[in-house]
Structures are given as C-alpha cells and as structure tokens.
1. Which of the residues spanning the range 1-15 are modelled with pLDDT under 95 and open to solvent by less than 60 Å² (accessible area, probe 1.4 Å)?
2. Among the numbered criteria (1) buried (at least 22 other Cβ atoms within 10 Å of the Cβ); (2) assigned to a loop (DSSP other than H, G, I, E, B), which one does Leu18 miss?
3. Out of everything in the range 45-57 that is out of contact with any Lys or Arg (no Cβ under 7 Å at 6 or more places or on another chain) and closer than 18 Å to Asn72 by Cβ, what residue ends up being most open to solvent (accessible area, probe 1.4 Å)?
4. Looking only at the range 21-43, filter to residues that are assigned to a loop (DSSP other than H, G, I, E, B) and open to solvent by 40 Å² or more (accessible area, probe 1.4 Å); which one of those is modelled with the lowest pLDDT?
5. Considering only the range 58-123, give the strands (runs of 3 or more DSSP E) lying wholly within it that have at least 3 residues that are hydroxyl-bearing (Ser, Thr, Tyr) and open to solvent by less than 60 Å² (accessible area, probe 1.4 Å).
6. Give the residue that is farthest from Pro86 (Cα to Cα), with candidates limited to residues of the range 1-15 that are in contact with a Phe, Trp or Tyr (Cβ under 9 Å, 6 or more places away or on another chain) and part of a loop (DSSP other than H, G, I, E, B).
Amino acid sequence: QLQASGGGLVQAGGSLRLSCAASGLTFNNSAVGWFRQAPGKEREFVADISWSGGSTYYADSVKGRFTISRDNAKNSVYLQMNSLKPEDTAVYYCAATKTAGWGSIHPYEYDYWGQGTQVTVSS
C-alpha cells in the first residue's frame, strides 16, 4: 500500500513537500514515480526515481523546480516542490513498480498506486 501526503493550499511561488510512504511491500526494490491529474485532464507524469535513488527524471514542466528523493530506510519517497505555479494545481499520486527498475513516464508501468493528495496553488 502507498500513502501520499503533504498536499495543501499554497500561494504561487510557495513550496510544498509531498511524501509517499509504503507499507506491506518491499519498497527498497521499487522504482517510484509521481503523477498528477488536474480536473478534466489526463494523468501526467511528474518525476520518477530509480530503486536505488541513483537515477531521477523529470517532466519538462517541473524541471528545476521539483526534486524527487527517497529514504529507503524509512520506506519513503519525497517530492519537494518549489516555485509553485497555479498550473501545478492537481491531485498528486505516487506509484511504485513491483520489481527493481529505473522508473517510467508511463502509468501502466507501475503496479502500486497511492490514493492521491490535493495540491492547490493560488495566484
């Protein structure tokens, strides 16, 4: 099971840190991705991190503003979001693979999903 948390309401230019905690699965061997879905839009890739944390990848829209990291000792992955913009408003989901890997921009590559946490950025 994955539990995403840390969302909230923030003004443009502000920051939030999302957390994704895993329970009941061997998180250390999973690549993890963050996705988001705004109302009326398809779910889109935000960032991913390899099972070891040695490789990360970002969508162009968040590159330089968001940072993904993980702490395998705490079975957790984080998404630090800085310089937030109104267009970042969405429900953010974390997802994990069943096997060790490098992550993917495609939702169908992931086996486990969290319930989502709402991020709202006001202008």
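1. Residue satisfying the conditions is Leu2 alone.
2. (2)
3. Trp51
4. So, considering only residues that are assigned to a loop (DSSP other than H, G, I, E, B) and open to solvent by 40 Å² or more (accessible area, probe 1.4 Å), the one modelled with the lowest pLDDT is Thr26.
5. 117-122
6. Top of the filtered list is Gln1.
The values are calculated or read from the model by the stated rules, or taken from the named source; none is laboratory data. What you see is a predicted model; the values in this text were computed from it and never measured. With ideal geometry, Cβ positions are generated from the backbone for all residues, glycine too; neighbour counts draw on all protein chains shown. Accessible surface areas use protein heavy atoms only, side chains included; no ligands, DNA or RNA. Shrake-Rupley method; radii C 1.70, N 1.55, O 1.52, S 1.80 Å.
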